[in-house]
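Asks: Have a look at this one.
The values are calculated or read from the model by the stated rules, or taken from the named source; none is laboratory data. This one's a predicted model, so the numbers in the text were calculated from it and none came from an experiment. Don't worry about glycine lacking a Cβ; one is built from the backbone with ideal geometry, like all the others, and counts go over all protein chains shown.
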């Protein structure tokens, strides 16, 4: 007996529903669960949790006052929410042209300068960077010329400083402090970063002063880890060689031998320092 066309169509749709439910609703999820039990993947599949957090998501090692805890390795900065917020994972979207501070927001250059200065003070090293002032803001001038972009300099403003400018004069013209809220670029100035006398290869590594793309990076570079060794050894009364050995034990190489850069997992390293 031949079924009516409308009934045949409904039965075909029901069979398709049942097949797709079994394949996509049962078989596929079970396959993924099974893959998550494969040695080498099982730890990541369950979130790599420890009693104090996940080794896959970065975190701050600071005290109640927000200052770094001296006896722990410090992570790289985070732009995710208030820091390492998985619900707000994102980069700052600021680029190399972001050099002028605005009311309520420091430029990317000033953020980098301030972080480098803070890391330098914490580790007892030279925290200077090119295009940074000694007080940790971007060394940037607004230069006015007689004919707009050409001609003699007529006026110079240190756009990121409302106090004493980092330069007294520029091409024979006295440098003025900035006035809050003034847009000197709109007034016709040429924004001019000044390199200064900082070393071309800063002591403080780049990952110590810049946030990762996700804002959740749990790793730091071996160079940044090594920079922190003297402080950690001093605070914990350990031999620096022992601390460097722990760093080596928790350093991962490039993926597949050539992708990315070596990294040091900060949480795992700090747990090892605590003997956990």
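Asks: Evaluate the following for residue 117: is it outside any loop (DSSP other than H, G, I, E, B) and closer than 30 Å to residue 274 by Cβ?
Replies: Yes.
Asks: Here are 199, 165, 193: which of them is touching a residue at least 60 places away in the same chain (Cβ under 8 Å) and surrounded by 14 or more Cβ atoms within 10 Å (Cβ to Cβ)?
Replies: 193
Asks: Among residues belonging to segment 262-276 that are more than 19 Å from residue 57 (Cβ to Cβ) and touching a helix residue (DSSP H, G or I) at 6+ places or on another chain (Cβ under 9 Å), point out the one that is surrounded by the most Cβ atoms within 10 Å (Cβ to Cβ).
Replies: 273
Asks: Ok, one more. It is to be established whether one or more residues within segment 88-96 are outside any loop (DSSP other than H, G, I, E, B) and within 17 Å of the chain's Cα centre (by Cα).
Replies: yes
Asks: I'm told residue 131 meets every condition in (1) in contact (Cβ under 8 Å) with a residue 60 or more places away in the chain; (2) surrounded by 13 or more Cβ atoms within 10 Å (Cβ to Cβ); (3) within 30 Å of residue 72 (Cβ to Cβ) except one. Can you identify the failing condition by its number?
Replies: In the conditions (1) in contact (Cβ under 8 Å) with a residue 60 or more places away in the chain; (2) surrounded by 13 or more Cβ atoms within 10 Å (Cβ to Cβ); (3) within 30 Å of residue 72 (Cβ to Cβ), residue 131 misses (3) alone.
Asks: Take residue 248 and tell me if it is over 22 Å from residue 116 (Cα atoms), free of Cβ contacts under 8 Å to residues at least 12 places away in the same chain and not in a loop (DSSP other than H, G, I, E, B).
Replies: It is true that residue 248 is over 22 Å from residue 116 (Cα atoms), free of Cβ contacts under 8 Å to residues at least 12 places away in the same chain and not in a loop (DSSP other than H, G, I, E, B).
Asks: Same structure again: Listed residues 233, 255, 223; which is assigned by TED's automatic domain parsing to the domain that holds residue 54, out of contact with any strand residue (DSSP E or B) (no Cβ under 8 Å at 6 or more places or on another chain) and loosely packed, with under 11 Cβ neighbours inside 10 Å?
Replies: Checking each option against the conditions leaves just 255.
Asks: Determine, yes or no, whether residue 186 is part of a helix (DSSP H, G or I), at negative phi and out of contact with any helix residue (DSSP H, G or I) (no Cβ under 9 Å at 6 or more places or on another chain).
Replies: No; evaluated as a whole, the condition is false for this residue.
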